[in-house]
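A.B. asks: Handing you a structure now.
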Amino acid sequence: MRVAKRMRDLGTETAFAVSAEACAIRESGRKIYPFHLGDMNIRTPKNIIEAASKAMEDGKTGYCPTSGIPELREEIARKLGAQRGLKLSKENVSIQPGGKPVISKFIMAFMDPGDEVLYPNPGYPIYESQIKFHGGVPKPYGFIATDMGFDLDLDQIERSVTKKTKILIFNNYHNPMGAEAGDEELKRLAEICAKNDLLVLSDEAYFDIKYSGERRSIASLPGMPERTVILYTFSKSFAMTGWRLGAAIGPEWMIKEITRLNVNDESCSNHFIQWGALEGLRNPNGETEKIVGILRERRDVAIDMLNGIRGIKTFRPECTFYLFPDVTDAMKNLGINNLEDFRRFALDTTGVSFCTREHFGTPMKGETRKYIRVAYSGIDVKEIREGLAKLKEAIEDPEIVKGWKSGGYSNHL
Ligand code: PLP
């Protein structure tokens, strides 16, 4: 009864609930194959660890400027600006304790209650949570499945814009689908944003997790630099998920407002970690490429194995560490009607743990196919092979589903 009313509108990231459930099962002694969370079991590069540790020893343990240490802001402006074809200075950068806080701070700084915000669905669930929490009107936009992956439903985006629409959230190199916009899609999306004077949050958490082809930021398209804030994070590029360091990058007037929120929220991001991150940017030593190499091998094994399971079909994303297999036919063959039951079936009979489409937003009108999300950032090749072999057996052997439905099976395989 003492909880503030606004807390009713705060959502959550249900992938963490799936993870907690899997951990509890593991603690009870059963084998789990963790495909559920975008966490990484790859080590942070040694030079970053050493630089952070040295910074600690050198006394970089007090507060630092609210917007971050100037050296790191300058390096981010120089390096990330060059990668994206943007001319930036440190005034365009505000250091954050992770990429996630950029979402809430962007919404708080630029959305008034009643404003409409376009955001991807399926998509990272924190967008909808933060829009609702701060009194905005969430307007989800969807994707169209093709043989090559998923395209943005640009017609739907265009139709959804009203006079009240103020913001578009875009996540190229997309969680959970591994979708990637082509040049024409990006161009048209940028035109829609400029024409309707929308502010844009470009979530580029996976910009560096790219297996082939050029990387593109919508921020570099005509009319976009002046209206776009980039969410950057060290989490995935340098295997630093638990370190909590990221940045908001954008026009000076927007970055100033975000930094005002830093003062109120955390004073400053962790001081010595910023020196570690600076080392990572200044002396990359091919570490990000090594991480991408490890992930590529896992991706290829997982895709081949998933596509070898009757009734499952997945395309080969060239970015992120997520697969988004269509499991509609597998579910039909098993006589399982809803995704949560399918998830439980896999978990109960094989220990294979994954999230489903439903952890990434309420399915849109007209959506008929069923998808799961398979994250391969926290599981080695050997375990991928073992887990997905068990999943194949469970899906293809009619006795197993029969046993599961009668309640007799627990971690059968
Ligand atoms: N954006 C997307 C699309 C993500 O998937 C994540 C993490 O999984 C984040 C932002 C936030 O990452 P972090 O807060 O670790 O930087």
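A.B. asks: Going through ILE126, ILE131, ILE144 one at a time, which residue ends up being over 16 Å from the mean Cα position of the chain (by Cα) and within 16 Å of the ligand (Cβ to nearest atom)?
C.D. replies: ILE131
A.B. asks: So which residues in region 101-118 are within 16 Å of the ligand (Cβ to nearest atom) and either of a type in the set (Gly, Ala, Ser) or open to solvent by less than 10 Å² (accessible area, probe 1.4 Å) (or both), if there are any at all?
C.D. replies: VAL102, ILE103, SER104, LYS105, PHE106, ILE107, VAL117, LEU118
A.B. asks: Read through the list (1) open to solvent by 80 Å² or more (accessible area, probe 1.4 Å); (2) more than 20 Å from the chain's Cα centre (by Cα); (3) of a type outside the set (D, E, K, R); (4) within 16 Å of the ligand (Cβ to nearest atom), then give the number of the only condition that ILE76 fails.
C.D. replies: Every condition holds for ILE76 apart from (1).
A.B. asks: Then there's this: What are the pairs, 6+ residues apart or on separate chains, where a residue within region 203-224 that is at positive phi has its Cβ under 7 Å from a residue that is more than 16 Å from the ligand (Cβ to nearest atom) and open to solvent by 10 Å² or more (accessible area, probe 1.4 Å)?
C.D. replies: Cβ pairs passing all conditions: GLY213/GLU318; GLY223/ALA194.
A.B. asks: At least 1 residues that are of a type in the set (A, V, I, L, M) and surrounded by fewer than 16 Cβ atoms within 10 Å (Cβ to Cβ) in each: list the strands (runs of 3 or more DSSP E) lying fully within region 139-248 that qualify.
C.D. replies: Hits in region 139-248: 143-146.
A.B. asks: Of all residues in region 272-327, count the ones that are open to solvent by 20 Å² or more (accessible area, probe 1.4 Å) and in a loop (DSSP other than H, G, I, E, B).
C.D. replies: The number of residues fulfilling the criteria is 10.
A.B. asks: In region 83-100, which residues are more than 23 Å from ALA239 (Cβ to Cβ) and either of a type in the set (A, V, I, L, M) or surrounded by fewer than 24 Cβ atoms within 10 Å (Cβ to Cβ) (or both)?
C.D. replies: GLY85, LEU86, LYS87, LEU88, SER89, LYS90, GLU91 - these are the residues of region 83-100 that are more than 23 Å from ALA239 (Cβ to Cβ) and either of a type in the set (A, V, I, L, M) or surrounded by fewer than 24 Cβ atoms within 10 Å (Cβ to Cβ) (or both).
A.B. asks: Name the one entry in LYS332, LYS365, LYS382, LYS313 that is modelled with pLDDT under 95 and of a type in the set (Lys, Arg).
C.D. replies: Sole residue among the options that is modelled with pLDDT under 95 and of a type in the set (Lys, Arg): LYS365.
A.B. asks: Name the one entry in THR356, THR368 that is exposed (fewer than 14 other Cβ atoms within 10 Å of the Cβ) and under 19 Å from ALA145 (Cβ atoms).
C.D. replies: So the residue among THR356, THR368 that is exposed (fewer than 14 other Cβ atoms within 10 Å of the Cβ) and under 19 Å from ALA145 (Cβ atoms) is THR368.
A.B. asks: Can you tell me which residue in region 25-53 is surrounded by the fewest Cβ atoms within 10 Å (Cβ to Cβ), limited to those that are more than 19 Å from GLU383 (Cβ to Cβ) and more than 16 Å from the ligand (Cβ to nearest atom)?
C.D. replies: Among residues in region 25-53 that are more than 19 Å from GLU383 (Cβ to Cβ) and more than 16 Å from the ligand (Cβ to nearest atom), the one surrounded by the fewest Cβ atoms within 10 Å (Cβ to Cβ) is LYS46.
A.B. asks: In region 127-138, how many residues are buried (at least 21 other Cβ atoms within 10 Å of the Cβ) and either of a type in the set (Val, Ile, Thr) or within 24 Å of ASP326 (Cβ to Cβ) (or both)?
C.D. replies: Qualifying residue count, region 127-138: 3.
A.B. asks: Pairs only if they're at least six apart or on different chains, beta carbon under 9 angstrom, first in region 97-112 and without any contact (Cβ under 8 Å) to a residue 40 or more places away in the chain, second open to solvent by 10 Å² or more (accessible area, probe 1.4 Å) and within 12 Å of the ligand (Cβ to nearest atom); list them, first residue then second.
C.D. replies: Going by the 9 Å Cβ cut-off, the qualifying pairs are SER104/ILE126; SER104/GLN130.
A.B. asks: Mind checking which residues of region 328-352 are touching a strand residue (DSSP E or B) at 6+ places or on another chain (Cβ under 6 Å) and not in a loop (DSSP other than H, G, I, E, B)?
C.D. replies: Hits for region 328-352 are LEU339, ARG343, ALA346, LEU347, VAL352.
A.B. asks: Next question, about the same structure. Just the residues that are touching a helix residue (DSSP H, G or I) at 6+ places or on another chain (Cβ under 6 Å) and among the acidic types (Asp, Glu), please, taken from region 209-255.
C.D. replies: Matches in region 209-255: GLU252 only.
A.B. asks: Quick one: what pairs do we get from region 264-288, first residue free of Cβ contacts under 8 Å to residues at least 12 places away in the same chain, second open to solvent by less than 50 Å² (accessible area, probe 1.4 Å) and among the hydrophobic types (A, V, I, L, M, F, W, C), C-beta under 9 Å, 6+ apart or different chains?
C.D. replies: Final answer for the pair search is PRO284/PHE238.
The values are calculated or read from the model by the stated rules, or taken from the named source; none is laboratory data. Because the structure is a prediction, the values reported are computed rather than measured. Please note: Cβ atoms are built from the backbone with ideal geometry, for glycine as well, and neighbour counts cover all protein chains shown. The area values use the complete protein model at the heavy-atom level, side chains included, leaving out ligands, DNA and RNA. Shrake-Rupley method; radii C 1.70, N 1.55, O 1.52, S 1.80 Å.
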